[in-house]
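Data block below; observations after.
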Amino acid sequence: MRRYRKLIGELARFGSVGVLCVAVNVALYNLLCHVGIGSLTSNALAMVVSTSVGYVANRYWTFRESDESGMTREYVLFFVLNGVGFVITEAVLWSAHLAGFHGRLTSNAALLLGIGLATVFRYWGYKRWVFRESTAQEPVKIG
């Protein structure tokens, strides 16, 4: 039961960080599009900023109990996994534009769908490669 409570807490924290990062991403994406930067470039720039926010929040809040295997290693892997997530999001945006969906509402819907699909991949990747379970044994409690 303790394991499930821990997982639920972790997923809640991950979700909260995700909501923050999506807000940063969408706000910056729309701001950049509004000033005339193209959709794909706007998403790329917004992704770099939101990814940096996400790393800090996930390292020091969501996965705070994981092994600290070196910030450089974690940060590089985090960005690589976010790069894959970025490709997923860009593919959804690209597909929507190819299908003729160019309006603000449909572009944002495609953006959110892409972010959602990429989020599932990111959580799995973070748990598997970036923020691994601590290998230290918990002390045995007597009584």
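The values are calculated or read from the model by the stated rules, or taken from the named source; none is laboratory data. Given the structure is predicted, the values throughout are model-derived calculations rather than measurements. No Cβ is skipped: glycine too gets one built from the backbone with ideal geometry, and neighbour counts run over all protein chains shown. When the accessible area is computed, the model is the full protein with side chains, heavy atoms only, and any ligands, DNA or RNA have been set aside. Shrake-Rupley method; radii C 1.70, N 1.55, O 1.52, S 1.80 Å.
General remarks:
- In the set Ala44, Ala91, only one residue is among the small types (Gly, Ala, Ser) and touching an Asp or Glu at 6+ places or on another chain (Cβ under 9 Å); that residue is Ala44.
- Selection within the stretch 31-42 - at pLDDT 95 or above and either in contact with a Phe, Trp or Tyr (Cβ under 6 Å, 6 or more places away or on another chain) or open to solvent by less than 40 Å² (accessible area, probe 1.4 Å) (or both): Leu32
- First in the stretch 1-16 and touching a residue at least 24 places away in the same chain (Cβ under 8 Å) and under 18 Å from Tyr55 (Cα atoms), second anywhere and assigned to a helix (DSSP H, G or I) and open to solvent by 100 Å² or more (accessible area, probe 1.4 Å), Cβ under 8 Å, 6 or more apart: Arg13/Trp61
- Some residue of the stretch 84-103 being under 17 Å from the mean Cα position of the chain (by Cα), under 30 Å from Lys6 (Cα atoms), open to solvent by less than 30 Å² (accessible area, probe 1.4 Å) and not hydroxyl-bearing (Ser, Thr, Tyr): yes
- Looking across the stretch 57-82, the residues that are assigned to a helix (DSSP H, G or I) and either among the hydroxyl-bearing types (Ser, Thr, Tyr) or farther than 28 Å from Gly9 by Cβ (or both) come down to Tyr60, Thr62, Thr72, Tyr75.
- Flag if Arg64 is touching a residue at least 60 places away in the same chain (Cβ under 8 Å) and more than 20 Å from Leu112 (Cβ to Cβ): no
- Which numbered condition Thr41 misses (of (1) touching a residue at least 12 places away in the same chain (Cβ under 8 Å); (2) over 17 Å from Tyr123 (Cα atoms); (3) part of a helix (DSSP H, G or I)): (1)
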